[in-house]
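Enquirer: This is the structure I have questions about; it appears just below.
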Amino acid sequence: MDFFTDGDNQFDVEEIKSFLPHINDHKIIVGYRIKRQDNFFRRLNTWAWKKLMGFLFPELKGIKDIDCAFKLLKKELIDKIELTTSGAMISAELLLKIIKNGNQVKQVGVHHYPRTVGEQSGASIKVIYRAFKELIRFYRKFK
């Protein structure tokens with residue numbers, strides 16, 4: 001199993017223990033943030049992005065937190081897919097391709113903490129513009 005998370009201390013890596021009971025039954029286990037610790041504008045952007053993703057990609061409608069950076073997955077899943085995005089679409093693409101290959105996603109709540117290092121960039125106009133550009137390119141290829 002491979003695990004990844006952000007390096008900005010928004011998650012406690014010890015919470016990986018709550019994923020372990022599920023590793024025999026699921027090839028991918030993803031976290032969803034319990035009581036998200038972002039400002040209102042960031043939460044609003046996230047809500048709108050999730051709604052858009054669910055509209056364009058119905059496969060993602062049941063995913064509580066598409067972009068939560070707390071994921072545990074079997075390496076074989078990554079080896080079977082080619083990721084073509086590198087920005088805001090990367091988590092959505094990963095989940096979509098894993099789901100499309102017939103895998104069920106197990107979701108487990110993880111606590112979310114205020115960022116203690118680094119700076120958030122997801123709400124900058126430049127990042128949002130790049131995200132929509134990447135979304136359009138990916139949508140055309142995926143559908």
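Enquirer: I'd like to verify a number: residues in the range 8-37 that are aliphatic (A, V, I, L, M), surrounded by fewer than 17 Cβ atoms within 10 Å (Cβ to Cβ) and either free of Cβ contacts under 8 Å to residues at least 12 places away in the same chain or part of a strand (DSSP E or B) (or both), how many?
Expert: Count: 3.
Enquirer: Additional query: Filter the range 87-112 for residues that are more than 13 Å from the chain's Cα centre (by Cα) and assigned to a loop (DSSP other than H, G, I, E, B); which is surrounded by the fewest Cβ atoms within 10 Å (Cβ to Cβ)?
Expert: So the residue we want is 102.
Quick grid of which residues meet (1) among the hydrophobic types (A, V, I, L, M, F, W, C); (2) within 20 Å of residue 141 (Cα to Cα); (3) under 15 Å from the mean Cα position of the chain (by Cα):
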{"position": "43", "(1), (2), (3)": "no, no, yes"}
{"position": "52", "(1), (2), (3)": "yes, yes, yes"}
{"position": "56", "(1), (2), (3)": "yes, yes, no"}
{"position": "72", "(1), (2), (3)": "yes, no, yes"}
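Enquirer: Tell me, please, whether a residue that is touching a Ser or Thr at 6+ places or on another chain (Cβ under 9 Å) and modelled with pLDDT under 95 can be found in the range 118-140.
Expert: The answer is yes; a qualifying residue exists.
Enquirer: Does residue 40 count as loosely packed, with under 14 Cβ neighbours inside 10 Å and modelled with pLDDT under 95?
Expert: yes
Enquirer: Here are the criteria: (1) in contact with an Asp or Glu (Cβ under 7 Å, 6 or more places away or on another chain); (2) closer than 17 Å to residue 10 by Cβ; (3) among the hydrophobic types (A, V, I, L, M, F, W, C). Tell me which single one residue 68 does not satisfy.
Expert: Exception for residue 68: condition (1).
Enquirer: Quick one: would you say residue 59 is of a type in the set (D, E, K, R) and over 22 Å from residue 6 (Cα atoms)?
Expert: For residue 59, the condition - of a type in the set (D, E, K, R) and over 22 Å from residue 6 (Cα atoms) - is met.
Enquirer: Still on this structure, I have one more. Could you list, in sequence order, the residues of the range 83-114 that are charged (D, E, K, R) and over 24 Å from residue 7 (Cα atoms)?
Expert: Result: 97, 100.
Enquirer: Let me ask you something else. I'd like the full set of residues that are in contact with a Lys or Arg (Cβ under 7 Å, 6 or more places away or on another chain) and not aliphatic (A, V, I, L, M), limited to the range 66-83.
Expert: Within the range 66-83, 68, 74 meet the criteria.
Enquirer: Taking the range 73-86 only, how many residues are surrounded by 14 or more Cβ atoms within 10 Å (Cβ to Cβ) and without any contact (Cβ under 8 Å) to a residue 60 or more places away in the chain?
Expert: 4
Enquirer: Being modelled with pLDDT under 95 and charged (D, E, K, R) is the filter; apply it to the range 91-117 and report the residue that is farthest from residue 81 (Cα to Cα).
Expert: That would be 115.
The values are calculated or read from the model by the stated rules, or taken from the named source; none is laboratory data. Here the structure is a predicted model, which is why all the values come from computation and not from measurement. Every residue, glycine among them, receives a Cβ derived from its backbone with ideal geometry; neighbour counts consider all protein chains shown.
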